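**Student:** First the structure, which I've put down as structure tokens, then a few questions once you've had a look.
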Amino acid sequence: MRTIKFLLQKEFRQIFRNKTLLRSILISPCIQLLILPLAANYEVKNISLAVVDNDHSAYSQKMISKITSSGYFKLTSYNSSFKEAYHQIEEDKADIILEIPAHFERNLVRENEQKLFVAVNAINGTKALLGGGYLANIINNYNNEIRLQWVQPSRFNTAPLIEIASSNWYNPLMNYQIFMVPGILVMLVTMIGGMMCSLNIVKEKEIGTIEQINVTPIKKHHFILGKLIPFWVIGMVVFTLGLLIARFVYHIIPIGNISLLYGFLAVYLLAVLGLGLLISTYSDTQQQAMSITFFFVMIFNLMSGLYTPVESMPNWAQWIAKFNPLSYFIQVMRMVVLKGSEFNDVKPHLIAILGFAIVFNTWAILNYRKRA
Amino acid sequence: MQQPVIKTELLTKRFGSFTAADELTFEVYPGEIFGFLGANGAGKTTAMRMLCGLSLPSSGKATIAGFDIYKQTEKIKQNIGYMSQKFSLYEDLTVIENIRFYAGIYGLSDKEIKAKSNNLLDQLGLQNEAKKLVSELPLGWKQKLSFSVAVIHQPKIVFLDEPTGGVDPVTRRQFWDLIYDASDKGLTVFVTTHYMDEAEYCNRISIMVDGRIEALDTPSNLKKQFSANSMDDVFYQLARGAKRNE
Amino acid sequence: MKQLFIFVRKEFYHVFRDRKTLLMLFGLPIAQIVLFGFALTTEIKNAKIVVADYSKDIVSKQIIDKIDASRYFDIEKSLMSHDQIEAAFKEGKIKMAVIFPENFNKNLLHTNKAQIQVIADASDLNTAVTLTNYISSIIGDYQQQMVKNVVLPYRIVPEIRMLYNPQLKGEHTFIPGMMAMIMMLVCVMMTAISIVKEKELGTMEILLVSPFKPLMVILSKFVPYLIISLVNVTSILLLSWIFLHLPIKGSILLLYAVSLLFIITSLAIGLLISIVSQSQQSAMFGSLMATMLPTLLLSGFMFPIENMPLPLQIISNVVPSKWFYIIVKDIMIKGSGFGAIWKETLILVGMTVFLLIISLKKFKIRLE
């Protein structure tokens with residue numbers, strides 16, 4: 001125990017003495033938490049629309065104003081030909097072209113049907129799908145309005161209407177920030193904890209001080225604990241800062257029990273730091289440790305369910321995701337913070353993370369060699 | 001005769017097909033200053049790392065302070081100090097913090113730590129520098145501090161791996177005064193060097209060439225044996241035949 | 001020239017002897033392509049939902065069968081109360097609840113209107129939105145079938161064409177963005193760290209006092225990372241062509257030329273970071289903050305820039321990756337020639353020159 005006291009004293013001194021690093025550890029996650037949710041906005045708005053109106057009728061004008069007043073589209077150009085409008089897309093000035101053929105209004109009346117041509121820049125598939133959908137929807141609504149004006153309702157409105165009353169629990173306003181912030185916080189804590197911890201030990205290897213430690217009769221698990229505890233504390237502090245930002249900037253107040261959250265975090269940090277330690281026992285240089293950590297963080301991050309749901313992955317990928325500590329904590333964050341889940345709800349997750357913590361740390365201690 | 005504190009028998013370390021230390025057999029007695037000489041790459045550091053328990057031997061036997069080098073490394077570590085070639089104090093800790101840290105992990109009590117660190121600072125004349133970061137000290141001071149820290153737990157043996165590289169002769173002389181002091185108090189000193197004047201300070205020296213010990217005796221006997229005027233000559237005669245030279 | 005060769009060779013030894021790092025640097029793009037190509041989809045399959053049918057009539061049955069038949073849902077029929085639904089949400093057991101109220105069909109027949117209640121667990125908003133859309137379209141289809149026989153008058157039929165990417169694949173935005181990310185990792189972070197490492201260990205000073213020009217010392221450090229980056233560009237393009245069937249519409253030569261330009265831009269950033277950093281760890285943090293994150297957030301490949309608040313939109317203009325992303329997208333997917341991308345290229349060239357001048361100036365100051 002006494003040994004650990006001295007190890008901790010030393011680690012904390014070193015951490016607090018390196019002001020630049022300390023600042024980056026504490027401030028960078030805050031900045032990220034402030035910027036990321038602003039940037040990470042999946043809502044599709046302000047779709048640039050290029051219009052080719054070959055009809056110039058009152059009805060075509062009205063349709064265009066319906067579209068622009070919807071809030072989703074902004075009219076960026078009127079073009080005389082499709083070719084001209086296409087050029088706008090090539091230059092990224094327009095996302096969607098709407099071409100209204102000549103005699104649009106006349107044909108609609110005479111032939112009962114009139115086509116419109118819509119071309120969507122689909123390089124960004126999601127945006128294209130949503131944009132196209134919005135446009136079709138607005139046109140459809142406009143179509144219904146015209147019908148109501150031109151004919152007696154009873155003549156066509158014989159179809160029964162099934163309404164869908166949808167409600168979104170826990171995030172009724174469908175606010176993306178509420179959805180992203182807890183996940184991002186987990187990602188940041190993971191990155192900082194894992195990276196700092198693995199780099200720290202490897203740094204001692206690189207400058208040679210670890211040899212001096214290795215010739216002392218120090219116990220392996222004491223040494224590992226001495227490295228683990230400081231970063232465990234830092235992880236807790238970063239997480240707390242993040243929660244405060246979530247509270248005061250994004251007004252996200254955890255519905256569930258805060259101590260449950262911290263309890264889970266405590267175990268989770270052990271798992272993440274254990275992984276960092278494990279990586280450090282396999283690396284000889286900081287560059288190596290960093291590229292290995294980066295590799296895993298990147299894969300964990302992509303497969304965490306933060307961007308795409310884990311359930312939609314193929315079976316083999318879901319299996320890999322089972323070994324991803326990040327995905328458990330992101331789920332738990334959403335459960336506890338947004339839904340108010342209780343201990344029994346997160347128990348399976350907690351057991352899994354506890355398993356990771358034990359495996360990673362035991363492995364790291366076994367693999368840490370005082371003697372080559 | 002006394003029991004040897006270091007005793008090796010055919011101690012060997014191979015890295016793949018390369019034999020870094022080849023069948024080393026020697027004994028070191030309590031209170032001795034034992035010099036371990038050799039050209040660069042002769043295998044001095046490898047041998048020393050095995051004795052300190054940092055590297056596992058490929059074959060052969062050895063005991064340090066009566067403990068087996070294979071099975072009782074942790075016991076050995078209680079009884080030795082080590083100062084590596086790579087300067088190994090924490091540059092971002094102060095002088096006093098480094099002293100307290102190492103004293104602490106060797107299990108000294110608070111009272112001992114306080115007394116020891118005061119003594120040490122006095123002895124080195126570092127009282128005024130106690131709160132300076134180690135990175136701010138000149139190299140000579142760092143080396144002296146490093147040595148004092150390595151023996152802070154009063155080990156039986158201290159291993160010094162090229163302890164005085166890169167400093168002027170006066171500073172080196174001061175460093176050796178520290179070694180003599182410690183040796184007078186019964187400490188066994190095992191030191192590698194390639195400064196021949198330092199070799200003269202040792203009680204006995206061994207000279208390694210290409211992983212083998214080619215000569216082992218007191219400096220004066222060696223000079224007689226090789227009919228040489230100085231240790232330089234002795235070393236030159238032996239090292240000339242070396243095949244590995246960096 | 002011979003000296004330069006010797007220095008470059010030394011750097012190659014450093015980089016290529018470190019097998020673990022190399023494995024990660026070459027493996028990361030491959031792993032990412034595999035993940036993006038095969039694992040990460042926004043399509044959701046077999047989502048667990050609960051259907052509570054309080055009406056149990058023919059229409060509700062038909063709709064439930066339709067939902068059940070789709071591959072999107074894995075349904076469990078159970079008359080859950082709101083409290084029970086909430087408990088199931090909290091446990092994370094189900095994603096959504098679909099409730100048919102009593103007299104569903106009766107209402108539909110008598111008032112021509114009936115309601116289905118859909119409750120989604122929006123703590124995972126993406127999933128909630130997608131699933132709600134699936135349900136809506138299934139019910140919409142069902143309604144279409146009901147009114148099949150009725151032909152509506154005055155139909156406006158939008159014909160929607162998806163340009164460049166008719167199957168709406170995600171790779172089209174992802175591949176160019178990933179190229180930028182990998183270059184940030186290799187050219188900025190790894191390069192900066194390897195230079196700072198020599199500073200930390202003191203070997204840099206030995207190199208700098210050699211008769212070789214200091215600038216050359218730095219340039220020779222660039223070469224291995226430049227080559228790794230070019231290999232990565234090639235492997236990304238090849239893999240995305242083979243596995244994701246993403247062809248390169250424009251000129252490959254132009255694509256490589258632009259990539260080379262961006263590699264040099266990145267190396268210049270790496271050099272600048274290495275000059276201002278004192279330790280490998282701060283070099284790493286610097287690279288993360290100054291390049292990785294802006295690339296991820298502000299280059300437009302993850303999140304559309306036009307949705308961001310104005311200050312972020314303005315800042316995005318100084319992120320080199322944004323311009324590189326636009327250029328690569330244009331060449332690869334739109335098949336644009338140099339005529340269409342010269343502006344962006346010029347901006348990138350300008351940035352590179354600016355960065356090089358600044359870092360060389362700072363580098364000289366350090367030497368004096």
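All of the numbers you see were taken from the coordinates with simple rules; none came from a lab. Note that the structure is a prediction, hence the values are computed from the model and not measured. Note that each Cβ is placed from the backbone with ideal geometry, even for glycine, and that neighbours are counted across all protein chains shown.
**Student:** For chain C, divide the Cα radius of gyration by the Kirkwood radius and give the resulting Rg/Rh value with two decimals.
**Tutor:** Numbers: Rg = 28.3 Å, Rh = 24.8 Å.
Ratio of gyration radius to Kirkwood radius for chain C: 1.14.
**Student:** For chain C, what is the mean residue ellipticity at 222 nm derived from helices alone (per DSSP H run of n ≥ 4: -39500 (n - 2.57); sum divided by total residues; nearest 500 deg cm²/dmol)? Could you put the intermediate results ahead of the total?
**Tutor:** Details: 16 runs with 230 residues, N = 368.
That comes out to -20500 deg cm²/dmol.
**Student:** Aspartates and glutamates near A:Lys227 by alpha-carbon distance under 13 Å, same-chain residues fewer than 8 away left out - which ones?
**Tutor:** Within the straight-line cut-off, A:Lys227 pairs with A:Glu11, A:Glu204.
**Student:** What distance in nm lies between label points placed 7 Å from Cα along the C-beta direction at A:Phe82 and C:Ile252?
**Tutor:** 3.3
**Student:** If I model a spin label at C:Phe26 and C:Gln143 as a point 7 Å from the Cα along the Cα→Cβ vector, what separation in nanometres do I get?
**Tutor:** Spacing of the two 7 Å Cα→Cβ label points: 5.7 nm.
**Student:** When A:Trp232, C:Trp342 are ordered from fewest to most other Cβ atoms inside 10 Å of their Cβ, what list results?
**Tutor:** Working: A:Trp232 19, C:Trp342 11.
By the 10 Å Cβ count, ascending, the order reads C:Trp342, A:Trp232.
**Student:** Something else about it: Given B:Lys77/B:Lys144; C:Lys10/C:Lys197; B:Lys71/C:Lys20; A:Lys19/A:Lys220; A:Lys5/B:Lys116; C:Lys197/C:Lys361, which pairs have Cα atoms separated by over 23 Å? If you can, show how the numbers build up before the last one.
**Tutor:** Working: B:Lys77/B:Lys144 21 Å; C:Lys10/C:Lys197 15 Å; B:Lys71/C:Lys20 32 Å; A:Lys19/A:Lys220 29 Å; A:Lys5/B:Lys116 19 Å; C:Lys197/C:Lys361 21 Å.
Over 23 Å Cα-Cα: B:Lys71/C:Lys20; A:Lys19/A:Lys220.
**Student:** Within chain B, what is the longest stretch that has no trypsin sites (Lys or Arg not before Pro) placed in a DSSP loop and near at most 15 other beta-carbon atoms within 10 Å?
**Tutor:** On the way: sites that count: B:Lys71, B:Lys86, B:Lys131, B:Lys132, B:Lys185, B:Arg240, B:Lys243, B:Arg244.
It works out to B:1-70.
**Student:** Same structure, new question: So for chain B, averaging the separation of alpha carbon pairs under 8 Å that are six or more residues apart and normalising by length, what relative contact order in percent results?
**Tutor:** Details: 430 pairs, mean separation 66.6, N = 246.
So the answer I get is 27 percent.
**Student:** Taking amide H atoms as placed 1.01 Å from N in the peptide plane, list the residues 5 or more away in sequence, or in a different chain, whose amide H sits under 5 Å from that of B:Asp217.
**Tutor:** The answer is B:Ile205.
**Student:** Going by amide H atoms built from the backbone, whose H comes under 5 Å of the H on B:Gly38, apart from near neighbours?
**Tutor:** B:Thr193, B:Met208
**Student:** Go ahead and run the numbers for FRET between C:Ile58 and A:Val359, Cβ-Cβ distance against an R0 of 51 Å, rounding to 0.05.
**Tutor:** Values: r = 54 Å, r/R0 = 1.07.
About 0.40, to the nearest 0.05.
**Student:** Follow-up. Which GluC sites (Glu not before Pro) in the stretch B:1-94 sit in a loop by DSSP (not H, G, I, E or B) and have at most 16 other Cβ atoms within 10 Å of their own Cβ? It would help to have the intermediate numbers written out before the result.
**Tutor:** On the way: sites: B:Glu9, B:Glu23, B:Glu27, B:Glu32, B:Glu74, B:Glu91; in loops: B:Glu32, B:Glu91.
Here the GluC sites (Glu not before Pro) that fit, given the DSSP loop and packing criteria, are B:Glu91.
**Student:** Also: Against the 2.2 N^0.38 Å scaling, with N counting residues, where does the stretch C:1-134 land? I'd like the Cα-based Rg ratio to two decimal places. Don't skip to the end; give the middle numbers.
**Tutor:** Details: Rg = 26.9 Å, N = 134, 2.2 N^0.38 = 14.1 Å.
Dividing the Cα radius of gyration by 2.2 N^0.38 Å gives 1.90.
**Student:** At R0 = 45 Å, how high is the FRET efficiency between C:Ser78 and A:Asn257 if r is their beta carbon distance? Nearest 0.05 is fine. List each step's numbers first, then the result.
**Tutor:** Working: r = 28 Å, r/R0 = 0.62.
Efficiency at R0 = 45 Å is approximately 0.95.
**Student:** About its Cα centre, what dipole magnitude does chain A give when the only charges are +1 on Lys and Arg Cβ and -1 on Asp and Glu Cβ, stated in debye to the nearest 20? Write down the numbers at each step before the final one.
**Tutor:** On the way: 32 positive and 22 negative charges, 401 e Å.
For chain A, the charge dipole is close to 1920 debye.
**Student:** Here is a further query. State, to one decimal in nm, how far the label point of B:Gln123 lies from the label point of C:Glu102, with both points 7 Å from Cα in the Cβ direction.
**Tutor:** 9.4
**Student:** Can you work out ³J(HN,Hα) from phi for every residue in the stretch C:260-274, in order, using Karplus 6.51 cos²θ - 1.76 cosθ + 1.60 and θ = phi - 60°, giving whole Hz and x for Gly and Pro?
**Tutor:** 3J(HN,Hα) across the stretch C:260-274, in whole Hz: 4, 4, 5, 4, 5, 4, 5, 4, 5, 5, x, 4, 4, 4, 5.
**Student:** Once phi is turned into θ = phi - 60°, what whole-Hz ³J(HN,Hα) does the Karplus curve with 6.51, -1.76 and 1.60 give for every residue of the stretch C:275-288, x standing for Gly and Pro?
**Tutor:** Rounded to whole hertz, the list is 6, 8, 8, 9, 9, 4, 5, 6, 4, 5, 5, x, 5, 4.
**Student:** OK, next. In what sequence do A:Trp169, A:Trp316 fall when counting other Cβ within 10 Å, fewest first? The partial results should precede the final answer.
**Tutor:** Working: A:Trp169 19, A:Trp316 10.
Least crowded to most crowded, the residues run A:Trp316, A:Trp169.
**Student:** May I pose another question? Anyone know which of A:Val337, A:Val215, A:Val109 comes out most mobile in the 10 Å Cα GNM of chain A?
**Tutor:** A:Val109
**Student:** Going by Cα centres, the stretch A:64-135 and the stretch C:107-145 are how many Å apart?
**Tutor:** First find each Cα centre; the distance between them is then 28 Å.
**Student:** Excluding residues fewer than 8 places away in the same chain, name every one of the lysines whose C-alpha is closer than 21 Å to that of C:Lys334.
**Tutor:** A:Lys83, A:Lys93, A:Lys127, C:Lys169, C:Lys249, C:Lys322, C:Lys343
**Student:** Another question, then. From the phi of every residue in the stretch A:176-186, what ³J(HN,Hα) in whole Hz does the Karplus formula 6.51 cos²θ - 1.76 cosθ + 1.60 yield, where θ is phi - 60° and glycine or proline is x?
**Tutor:** Values per residue, Gly and Pro as x: 5, 5, 4, 6, 7, 4, x, x, 5, 4, 4 Hz.
**Student:** Right, another one. Please report Rg over Rh for the protein assembly as shown, where both radii come from the alpha carbon positions and Rh follows the Kirkwood definition. Don't skip to the end; give the middle numbers.
**Tutor:** On the way: Rg = 35.8 Å, Rh = 33.0 Å.
When Rh is taken as the Kirkwood radius, the ratio is 1.08.
**Student:** Only Cα pairs under 8 Å and at least 6 apart count here; give the relative contact order of chain C as a rounded whole percent.
**Tutor:** Values: 403 pairs, mean separation 65.3, N = 368.
It rounds to 18 percent for chain C.
**Student:** Excluding same-chain residues fewer than 8 positions from B:Lys142, which aspartates and glutamates have a Cα within less than 12 Å of its Cα?
**Tutor:** By straight Cα distance, B:Lys142 reaches B:Glu91, B:Glu129.
**Student:** Using alpha carbons only, how many degrees (0 to 90, rounded to 10) separate the axis of helix A:343-367 from the longest principal axis of chain A?
**Tutor:** Taking the Cα atoms of chain A, the angle to A:343-367 is about 50 degrees.
**Student:** So if a site counts as exposed when it's one of the trypsin sites (Lys or Arg not before Pro), its DSSP state isn't H, G, I, E or B, and it has at most 16 other Cβ atoms within 10 Å, what's the longest stretch of chain C without one?
**Tutor:** Values: sites that count: C:Lys45, C:Lys56, C:Arg71, C:Lys93, C:Lys148, C:Lys249.
Here the longest segment lacking exposed loop sites spans C:250-368.
**Student:** Hey, how many Å between the Cα centroid of the stretch C:1-78 and the Cα centroid of the stretch C:297-368?
**Tutor:** Using only Cα atoms, the two centres lie 28 Å from each other.
**Student:** Moving on. In whole percent, what relative contact order does the stretch B:186-246 give with Cα contacts below 8 Å and a gap of six or more residues? Walk me through the numbers on the way to the answer.
**Tutor:** Details: 51 pairs, mean separation 15.9, N = 61.
So the answer I get is 26 percent.
**Student:** While we're on this one: Direction-averaged shadow area of the convex hull around the Cα atoms of the stretch A:47-156, nm²? Write down the numbers at each step before the final one.
**Tutor:** On the way: hull surface 28.1 nm².
For the stretch A:47-156, averaging the hull's shadow over all directions gives 7.0 nm².
**Student:** What helices in chain B pass both tests, a Cα length along the helix axis of 24 Å or more and a mean Kyte hydropathy of 1.6 or higher, using whole DSSP H runs? Walk me through the numbers before you get to the answer.
**Tutor:** Details: long enough: none.
None clear 24 Å together with a mean of 1.6.
**Student:** For a quick check: with amide H placed at 1.01 Å from N, whose amide H comes under 5 Å from C:Lys48's, ignoring anything fewer than 5 positions away on the same chain?
**Tutor:** Excluding prolines and chain starts, which carry no amide H, the hits are C:Asp74, C:Lys95.
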